[in-house]
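The values are calculated or read from the model by the stated rules, or taken from the named source; none is laboratory data. These numbers were taken from a predicted model, which means no experiment stands behind them. Cβ: placed from backbone, ideal geometry, glycine included. Neighbour counts: every protein chain shown. For the accessible areas, the whole protein counts, side chains as well, though only heavy atoms, and no ligand, DNA or RNA atoms are used. Shrake-Rupley method; radii C 1.70, N 1.55, O 1.52, S 1.80 Å.
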Amino acid sequence: QVQLAESGGGLVQAGGSLRLSCAASGRTWSNYAMGWFRQAPEKEREFVAGIRKNGGSTSYADSVKGRFTISRDVAKNTVYLQINNLKPEDTAVYYCVYGGVGAGKSWSDYNYWGQGTQVTVSS
């Protein structure tokens, strides 16, 4: 089993920045991909960003390209999501995901999912 612990969410003004962190523990393996999804109120959950094993190639949703950066510290089993120039439409619960190898864009591409951290952006 793998446990995921997200942190770093909060309330921030539009234009501000946040860095989300997600630490994986348990039977982890650096050969797996990690990533982030988000779900805004009354909207479907959507892929945000993914990073392949060993901090390799990354993928982003078109809506966040240029503002979000995903990175990974393999030694710490931790993935980060740097969010710059936050917008009110970024308000959502952000979920960390772990598993698979290809940093896919589907929730089912991953084997483990965190509890989520709330990001609220005020205008």
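Observations
- Being in contact with a helix residue (DSSP H, G or I) (Cβ under 7 Å, 6 or more places away or on another chain), modelled with pLDDT of 95 or more and not aliphatic (A, V, I, L, M) is a property that Arg67 lacks.
Listed here are the residues, each with its yes/no results for (1) at positive phi; (2) not aliphatic (A, V, I, L, M).
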site	(1), (2)
Met34	no, no
Phe47	no, yes
Gly50	no, yes
Lys53	no, yes
Val64	no, no
Asn77	yes, yes
Gly116	yes, yes
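- Check on Ser59, touching a residue at least 12 places away in the same chain (Cβ under 8 Å), of a type in the set (Ser, Thr, Tyr) and open to solvent by less than 40 Å² (accessible area, probe 1.4 Å): yes
- Answer residue from segment 25-52, given it is over 20 Å from Thr69 (Cβ atoms) and among the hydrophobic types (A, V, I, L, M, F, W, C) and is modelled with the highest pLDDT among those: Ala40
- Failed item, numbered, when Glu46 is tested on (1) more than 14 Å from Tyr94 (Cα to Cα); (2) open to solvent by 30 Å² or more (accessible area, probe 1.4 Å); (3) free of Cβ contacts under 8 Å to residues at least 40 places away in the same chain; (4) of a type outside the set (Gly, Ala, Ser): (1)
- Test: residue in segment 18-28 that is surrounded by fewer than 16 Cβ atoms within 10 Å (Cβ to Cβ), touching a Leu at 6+ places or on another chain (Cβ under 9 Å) and closer than 20 Å to Gln118 by Cα: yes
- Qualifying residue in segment 4-24 (condition: at pLDDT below 95 and either of a type in the set (D, E, K, R) or more than 13 Å from the chain's Cα centre (by Cα) (or both)): no
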